[in-house]
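S.K.: Please read through the structure below; I'll follow up with questions.
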Amino acid sequence: MEKILEVKNLELSFHTFAGEVKAIRGVNFDLKKGETLAIVGESGSGKSVTTKAIMRLLPESSSEFKNGQILFNGKDLTKLTDKEMQKIRGKDISMIFQDPMTSLNPTMTIGKQIMEPILKHQNVAKSEAQKMAIDLLKLVGMPQPEQRMKQYPHQFSGGQRQRIVIAIALACNPKILIADEPTTALDVTIQAQILELMKDLQKKIDTSIIFITHDLGVVANVADRVAVMYSGKIVEIGTVDEIFYNPQHPYTWGLLSSMPSLDVQEEKLYAIPGTPPDLLNPPKGDAFALRSEYAMQIDMEETPPFFKVSDTHYAATWLLHPDAPEVTPPATIIERMKRFPNSRYYESANGGILK
Amino acid sequence: MAKYILKRVLYMILTLFLIATFTFFLMKMLPGSPIASSPKLTHEQLAAVEAKYGLDKPLPVQYGIYMKKMVQLDFGVSYQFKGANVTELIINRAGPSFLLGIQALILGTIGGIILGMIAALRQNTVWDYGSTLIAIFGISIPSFVFASLLQYWIGVKGGFLPVGLWENGWQSSILPTIALAMGPLATSARFIRTEMIEVLGTDYITLAKAKGASGLEIAFKHAFRNALIPLITVMGPLAAGLVTGSLVVEQIFAIPGIGEQFVKAINSSDYSLIMGTTMFFSVLLILVIFIVDILYGIVDPRIRLTGGNK
């Protein structure tokens, strides 16, 4: 499939009073046309920063690209001027933000806010833009769009506002839509509605989506592929099935084990011990080693490269090195692997899910 | 809206009533009286004059008479200017003060907004420090010091503009306006700077950037209106400051304004003129505050004053 975005060896730092924070430390991934890539990881893992870097929305004064490229349409986004970037933002790449309560301008009617990118990037008259905005509101399921165009954000509920934010993001039929935890600030029933809407929209319009979340339930629901980030790096990337049913990195194991499950009768929910490393002084080797019970000597000394699991599945852990001893993943992970045809624990005779 | 305005008007009347009452009794507590300062009068003559003006009656009665007349918009005659009607005195003197006040308010807020915007958009550069410096001067130097400096450097040394008085038409108003505007200018510059910086960090500004808006569009289309809201809040007190500030500035520039007359009236215990001027200032201030509240609703749709938003 055609690649629409390529992030190559991206390194980015923030300059703070305390020193240089290495927020992104060599991120590689690509986005294919029409797919949804989920980036998961805990707070501070660099998932939001990565996408803000793609949009170039980080403060110029305190952030710095140290290395790498972001290739879009043959252009390296890290090298573009502000003016050139303004032509891409909102038109080719657009973004949905986390908190709909604060992401709309309180003193501007929502009609104006939706029409703004249309008038900016498309050569249309105001009346035409108005029609397009009304159509967008219909598209995101807003009742009585004509009347609501004249209203202000405070006259809408949280879920409705997120629909408006989505309408703004879709205004110019972007090639890439970045959704930065779009459901985190919403309550559960609204979350489900917004997710349904996004899935529905993806069928209607041919847009690639980068979906950032820390909610694995959401990932399973929307994504085609998943990238797991930890302390400024991608530690594992693969299709949804590969990540959920044949995970290889101990961090992914930890994440999946800490997901509440209805099948398991355990009383206590698993939590990954310890805290993420301080990126002012990132650790040598595998950043997760200090929290991992599977860590080996080499994890403390050398950064693991990506090992290939399948054509679509890569993981950065020394456990996949041919010389590494075989370890037994946590029980819940083995349960998952039993259902995955290519994994070492696959049990087809025992009621495993066959393709 | 009509209901809201009616309610506000009733409150305004109540406020004016309270101000009138307080001022009346406070004024009576001041030592001296308008006629006591004439040493030539004998006791009999004094008593006769007091009786003529009703000053011999007990205080509550005087108060009653005063309030009754005030309701009919009759503020009596001045003790100081023989037989002159207070209402006429105020109206004749209000022109220069009004011009100064309005000009200073416009110069102060617009100048302050420009200065604050520059400081916020060029944060931590020479522009920002320069505007901060001006603001600090504006806040810390009292208007009368600033007025004297202006008189000396521009009026006397430079000779570009009249040093004082009200005889060269609009030209005479320039220096006093600047002197008067410095305070509000400094205050609004600081307010706008702080607010703009805060607003520029909000999520909706990031969203505007993500739409592809340019720096100027973000500053003026998105941020400015939101940054204006707190400034409107202080507009009322700023306008009040202009009224009191003009008392001093008019004295220094020898402008025949209402402030100058007010100071004279207090010095000579001209009861009716003090009361009249106080009420005039109060009405003015209450109106300004009312206008500010209406402006609020225009700038911020969340505070539309219609009551229900259906």
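Readers should treat all values here as calculations from the given coordinates under stated rules, not as data from a laboratory. As the structure is a computational prediction, the values presented were derived from the model and not from experiment. Methodologically, a virtual Cβ is constructed for each residue, glycine included, from the backbone with ideal geometry; neighbour enumeration extends over all protein chains shown.
S.K.: Given a Förster distance of 22 angstrom, what is the FRET efficiency for residue A:87 paired with residue A:204, based on the Cβ-Cβ distance and rounded to 0.05?
M.R.: 0.30
S.K.: For region A:129-191, count the residues as N, evaluate 2.2 N^0.38 Å, and divide the Cα radius of gyration by that value, please.
M.R.: 1.13
S.K.: If you don't mind, there's one more thing I want to ask. Taking the simple approach of a point 7 Å from Cα along Cα-to-Cβ for both residue B:165 and residue A:306, what is their distance in nm?
M.R.: 8.7
S.K.: OK, next. Summing +1 for each Lys or Arg and -1 for each Asp or Glu, what net charge is found among the other residues whose Cβ lies under 12 Å from the Cβ of residue B:257?
M.R.: Net charge around residue B:257: 0.
S.K.: Is it possible to state the helix-based mean residue ellipticity at 222 nm for chain B, with each DSSP H run of 4+ residues giving -39500 (n - 2.57), the sum divided by total residues, to the nearest 500 deg cm²/dmol? What is it?
M.R.: -24000 deg cm²/dmol
S.K.: Using the 10 angstrom Cβ neighbour count as an exposure proxy, how do B:250, A:60 rank, fewest first?
M.R.: Going from sparsest to densest Cβ surroundings: A:60, B:250.
S.K.: Would you please classify the overall shape of region A:112-225 from the alpha carbon gyration tensor, given that a ≥ b ≥ c denote the square roots of the eigenvalues, rounded means a/c under 1.5, and beyond that prolate means a/b larger than b/c while oblate covers the rest?
M.R.: It comes out oblate by the Cα gyration axes.
S.K.: Using only atoms on other chains, find how many Cβ atoms lie within 10 Å of each Cβ of peptide B:196-208 and report the average.
M.R.: Whole-number average of other-chain Cβ neighbours for B:196-208 is 5.
S.K.: Where does each of A:154, A:15 land when they are ranked from fewest to most other beta-carbon atoms within 10 angstrom?
M.R.: With the sparsest Cβ surroundings first, the list reads A:15, A:154.
S.K.: Apply 1/(1 + (r/R0)^6) to the Cβ-Cβ distance of residue B:22 and residue B:153, taking R0 = 41 Å, and write down the FRET efficiency to the nearest 0.05.
M.R.: 0.50
S.K.: If you look at just the Cα atoms of region B:93-271, how large are its Rg and its Dmax in Å?
M.R.: Cα only, region B:93-271: 19.0, 66 Å (Rg, Dmax).
S.K.: If you don't mind, there's one more thing I want to ask. Running Debye on the protein assembly as shown with equal point scatterers at the Cα sites and no solvent, what base-10 log of I(q)/I(0) appears at q = 0.06, 0.10, 0.11 Å⁻¹?
M.R.: Debye output, listed in q order: -0.54, -0.99, -1.11.
S.K.: Only Lys, Arg, Asp and Glu count, each charged at its Cβ (+1, +1, -1, -1), so figure out the dipole size of chain B about its Cα centre, rounded to 20 debye.
M.R.: 700
S.K.: Taking amide H positions as placed in the peptide plane 1.01 Å from N, state which residues far from residue A:151 in sequence (5 or more) or on other chains have amide H under 5 Å from it.
M.R.: Here A:110, A:111 satisfy the definition.
S.K.: Quick one: net charge around residue A:119, please, counting Lys, Arg +1 and Asp, Glu -1 for every other residue with C-beta under 13 Å from its C-beta.
M.R.: +4
S.K.: I would also like to ask the following. If you add up the charges near residue A:37, with Lys and Arg at +1 and Asp and Glu at -1, over every other residue whose beta carbon is less than 9 angstrom from its beta carbon, what do you get?
M.R.: Net of charged neighbours comes to -1.
S.K.: Can I ask one more? Roughly how compact is region B:1-123, stated as its Cα Rg over 2.2 N^0.38 Å to two decimals?
M.R.: 1.60
S.K.: I'd like to know which of B:276, B:226, B:242 lies farthest towards the positive end of the charge dipole of chain B, counting +1 on Cβ of Lys and Arg and -1 on Cβ of Asp and Glu.
M.R.: B:226
S.K.: Tell me, rounded to the nearest percent, the portion of alpha carbon pairs in chain B spaced more than 30 Å apart.
M.R.: Tail of the P(r) past 30 Å holds 48 percent of the pairs.
S.K.: With a ≥ b ≥ c taken as the square roots of the eigenvalues of the C-alpha gyration tensor of region B:160-220, please select rounded if a/c is under 1.5 and otherwise prolate if a/b is larger than b/c or oblate if it is not?
M.R.: Because a/c hits 1.5 or more and a/b exceeds b/c, region B:160-220 counts as prolate.
S.K.: With a ≥ b ≥ c taken as the square roots of the eigenvalues of the C-alpha gyration tensor of region A:243-319, please select rounded if a/c is under 1.5 and otherwise prolate if a/b is larger than b/c or oblate if it is not?
M.R.: oblate
S.K.: A follow-up question, please. What FRET efficiency comes out for residue A:8 versus residue A:335 if R0 is 35 angstrom and r is the Cβ-Cβ distance? Round to the nearest 0.05.
M.R.: Using R0 = 35 Å, I get an efficiency of 0.45.
S.K.: Sequence-distant or interchain residues sharing an amide H contact under 5 Å with residue A:230, placed H: which?
M.R.: A:235
S.K.: Shifting gears a bit: Starting from the Cα of residue B:216, move 7 Å in the Cα-to-Cβ direction to define the label point; list residues of region B:125-141 whose amide nitrogen is under 20 Å from there.
M.R.: Residues B:127-128 fall inside that zone.
S.K.: Based on DSSP, what percent of beta bridges with both residues in the protein assembly as shown are antiparallel, to the nearest 5?
M.R.: Within the protein assembly as shown, antiparallel bridges account for around 65 percent of the total.
S.K.: Separation between the residue B:268 and residue A:73 pseudo-spin-labels, each 7 Å from Cα along Cα→Cβ, expressed in nm?
M.R.: If labels sit at residue B:268 and residue A:73, their model points lie 7.9 nm apart.
S.K.: Ranked highest first by average number of other Cβ atoms within 10 Å, how do B:124-136, A:306-318 line up?
M.R.: Top of the packing list down: A:306-318, B:124-136.
S.K.: Return A:219, B:299 ranked ascending by Cβ neighbour count within 10 Å, so the fewest neighbours appear first.
M.R.: In increasing order of surrounding Cβ atoms, one gets B:299, A:219.
S.K.: Which translational diffusion coefficient, to the nearest whole µm²/s, is obtained for chain A from the Stokes-Einstein equation, given a Kirkwood hydrodynamic radius over C-alpha pairs, 20 °C and 1.002 mPa s?
M.R.: Answer from the Stokes-Einstein relation: 99 µm²/s.
S.K.: Moving on to the next point. Under the rule of -39500 (n - 2.57) per DSSP H run of 4 or more residues, summed and divided by the residues of chain A, what mean residue ellipticity at 222 nm is obtained, to the nearest 500 deg cm²/dmol?
M.R.: Calculated from helices alone, the mean residue ellipticity at 222 nm is -8500 deg cm²/dmol.
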